[in-house]
Amino acid sequence: FDIQSSLADRLVIRELCEIVATRAARLAGAILAALVLKVADRETSQCIKVALNGVLFDINLQLFTKTVDTVKSLLKRRSDAQVEIVFQSRSDDITGAAVNAAKH
């Protein structure tokens, strides 16, 4: 693109990207926590397993960590629901996320 930028400009852009990524991770974690609680209301088993898969998690492992942290912090309020979250890299795509969650 032949865009001239200073180091300060690039640092601002990087910080903005981190803010957006953190917000996305928190939203994804909140959605997962809501789904886990919905399933926990219907399930007799108290352990729910979730496998997260995606290129974005492969590229940015901090996004995965922030998503999991959000899920766990939201589920602390409900002590009877236990959730196990596993990371599935792109190399595991053949098995599928559901199979990967079931085997853990």
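The values are calculated or read from the model by the stated rules, or taken from the named source; none is laboratory data. Please read these numbers as outputs of a predicted model, since none were measured by experiment. Note that each Cβ is placed from the backbone with ideal geometry, even for glycine, and that neighbours are counted across all protein chains shown. Remember, those area values only see protein heavy atoms, side chains included, never the ligands or the DNA or RNA. Shrake-Rupley method; radii C 1.70, N 1.55, O 1.52, S 1.80 Å.
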| task | Please name all residue pairs, on different chains or six or more residues apart, with Cβ atoms under 8 Å, provided the first residue is in the range 61-73 and is within 11 Å of Val50 (Cβ to Cβ) and free of Cβ contacts under 8 Å to residues at least 40 places away in the same chain and the second residue is open to solvent by 20 Å² or more (accessible area, probe 1.4 Å) and part of a helix (DSSP H, G or I). | result | none
| request: Name every residue in the range 43-58 that is touching an Asp or Glu at 6+ places or on another chain (Cβ under 8 Å) and under 13 Å from Glu84 (Cα atoms), in order of residue number. | output: Gln46, Cys47, Ile48, Lys49, Val50
| request: Check every one of the helices (runs of 4 or more DSSP H) wholly within the range 43-104 and list those with 1 or more residues that are at pLDDT 65 or above, open to solvent by 80 Å² or more (accessible area, probe 1.4 Å) and under 23 Å from Ala24 (Cα atoms). | output: 55-59, 61-75
| task | Kindly indicate the residue of the range 1-42 that is open to solvent by less than 90 Å² (accessible area, probe 1.4 Å), in contact (Cβ under 8 Å) with a residue 24 or more places away in the chain and not hydrophobic (A, V, I, L, M, F, W, C) and also farthest from Ile85 (Cα to Cα) among those meeting that condition. | result | Thr22
